[in-house]
Amino acid sequence: MSYPFVIIEQPAGTFYLTAMPASEVVRVSRANPRVFDSETLSSEGGIQREPSERRVKAIAEYAGTSDAAFPTAVLLAVDSDECVLQDGEISIPGEGVADIVDGQHRIRGLKMAAEREQFTLPIVIIIDPTEEEKALLFATINGTQTKVPASLVYDLYGVTDSRSPAKTCHEVARTLNSMPESPLYRRLKMLGRKSAPGTLETLSQGTFVKFLMPLISLDPAKDRDLIKKRKSPVAYPKCIFNQYFREDKDSVICKVLLNVFNGAKRVWSVEWDDPSHFVLTKTLGFSGIMRALPEMVGRGRKREDLSEKYFAAIFDRVKQRMDAERLSLSSDSFSASASGEAEFRDMIRQALPD
């Protein structure tokens with residue numbers, strides 16, 4: 001089949017912009033990963049990285065969701081004898097003759113997806129490029145991209161209408177950051193950076209959501225899609241906040257977290273208000289508490305007690321042990337690494353009531 005195209009002239013060359021059904025892109029394209037030969041100690045092959053099967057599978061699953069979209073262009077390179085330009089249209093008759101310069105994971109994912117017939121993809125084609133030109137294009141496209149901060153990504157869920165685990169996480173973060181009575185009042189970097197120099201914003205929204213999300217859902221994307229289809233999200237009994245989310249009780253999640261961190265602030269008031277010397281309100285302290293939270297909440301539910309007093313009593317036992325061992329919530333006692341976080345988490349777990 002032939003497809004209308006628009007010519008785009010740029011310093012790097014002439015490009016042909018068109019749109020093709022995903023099934024047609026799968027048919028005409030090929031990926032040629034670059035490999036390292038351990039015998040010759042040299043690299044050979046094409047320009048593509050080895051594909052990530054995890055990423056391919058995730059794209060295939062995403063293609064089946066109700067709001068799936070692939071609006072960015074796939075870049076293909078093809079020899080002039082493998083394509084036909086005629087009357088403002090382009091066709092590629094052969095199979096597997098167009099090298100994928102950028103977009104191999106999208107194409108592999110769509111090849112796996114049963115829903116690929118629903119998609120028409122924007123395609124940019126470059127004809128007769130040299131290997132050097134293809135390599136430079138790939139390196140430029142993939143080497144100069146700046147990853148969007150996770151905090152900004154989650155903040156954007158605030159403008160969506162439908163419920164989702166990500167939106168709930170954002171709303172909980174926003175609420176705790178904006179309530180004067182919250183121990184996290186103006187403590188979160190909502191867009192991943194401080195709102196002003198000298199503030200006590202020591203924890204990014206991205207980090208907050210990273211540790212809250214697994215307590216709500218094990219598959220946030222699937223839950224979001226189910227809700228958009230007016231179906232019930234999946235029940236995850238091991239996620240301590242899942243039932244509240246499924247019952248649209250985000251306020252209860254906020255209340256439990258208020259009790260948790262008010263309890264921590266009550267026990268470690270000096271450490272809470274001095275992030276320049278202590279790690280309690282930084283990633284290490286926050287993550288240690290959040291990783292111990294399932295056990296704390298589970299034990300509290302058995303006692304029918306998730307009050308601030310309950311959590312404060314746990315933290316007080318941790319403090320007593322730390323005082324006895326002459327430890328403090330500082331980088332001198334807890335290394336700023338996974339081991340320091342795990343040590344703090346384990347101390348909380350060991351302080352749980354019988």
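Brief remarks on what is shown
- When Pro93, Pro71, Pro129 are screened for being part of a loop (DSSP other than H, G, I, E, B) and surrounded by 16 or more Cβ atoms within 10 Å (Cβ to Cβ), only Pro129 passes.
- Consider segment 1-13 and keep the residues that are open to solvent by 40 Å² or more (accessible area, probe 1.4 Å), within 20 Å of Leu136 (Cβ to Cβ) and assigned to a strand (DSSP E or B). The one that is modelled with the lowest pLDDT is Gln10.
- Single residue of Lys134, Lys189, Lys147, Lys167 found to be crowded, with 18+ Cβ neighbours inside 10 Å and more than 30 Å from Lys249 (Cα to Cα): Lys134
- Checking the stated criteria, Arg326 turns out to be farther than 17 Å from Arg291 by Cα, assigned to a loop (DSSP other than H, G, I, E, B) and either open to solvent by less than 50 Å² (accessible area, probe 1.4 Å) or not aliphatic (A, V, I, L, M) (or both).
- Residue selected from segment 178-196 under the condition assigned to a loop (DSSP other than H, G, I, E, B) and polar (S, T, N, Q), by the criterion farthest from Val148 (Cα to Cα): Ser182
- Count of segment 329-354 residues, restricted to those that are in contact with an Asp or Glu (Cβ under 7 Å, 6 or more places away or on another chain) and open to solvent by 50 Å² or more (accessible area, probe 1.4 Å), is 1.
- Set Thr199, Thr175: member being open to solvent by 10 Å² or more (accessible area, probe 1.4 Å), farther than 25 Å from Ala63 by Cβ, of a type outside the set (Lys, Arg) and assigned to a helix (DSSP H, G or I): Thr175
- Candidates in segment 14-55 are the residues that are at pLDDT 95 or above and assigned to a helix (DSSP H, G or I); of these, the one that is most open to solvent (accessible area, probe 1.4 Å) is Arg27.
- If the condition is being in a helix (DSSP H, G or I) and either touching a Cys at 6+ places or on another chain (Cβ under 7 Å) or hydroxyl-bearing (Ser, Thr, Tyr) (or both), then segment 329-354 contributes only Ser339.
- Scanning segment 194-213 for residues that are basic (Lys, Arg) and in contact (Cβ under 8 Å) with a residue 40 or more places away in the chain turns up just one, Lys210.
- In segment 266-284, the qualifying residues are those that are part of a helix (DSSP H, G or I) and over 19 Å from Cys169 (Cβ atoms), and the one that is most open to solvent (accessible area, probe 1.4 Å) is Arg266.
- Single condition Gly263 does not satisfy, out of (1) under 30 Å from Ser328 (Cβ atoms); (2) under 20 Å from the mean Cα position of the chain (by Cα): (2)
- Qualifying positions in segment 212-242 - within 19 Å of Val260 (Cβ to Cβ) and open to solvent by less than 70 Å² (accessible area, probe 1.4 Å): Leu212, Met213, Pro214, Leu215, Ile216, Cys239, Ile240, Phe241, Asn242
- Out of Ala63, Ala114, sole residue that is open to solvent by 30 Å² or more (accessible area, probe 1.4 Å) and in contact (Cβ under 8 Å) with a residue 24 or more places away in the chain: Ala114
The values are calculated or read from the model by the stated rules, or taken from the named source; none is laboratory data. Computed from a prediction, not measured in an experiment: that's the story for all the values here. Every residue, glycine among them, receives a Cβ derived from its backbone with ideal geometry; neighbour counts consider all protein chains shown. Accessible surface areas use protein heavy atoms only, side chains included; no ligands, DNA or RNA. Shrake-Rupley method; radii C 1.70, N 1.55, O 1.52, S 1.80 Å.
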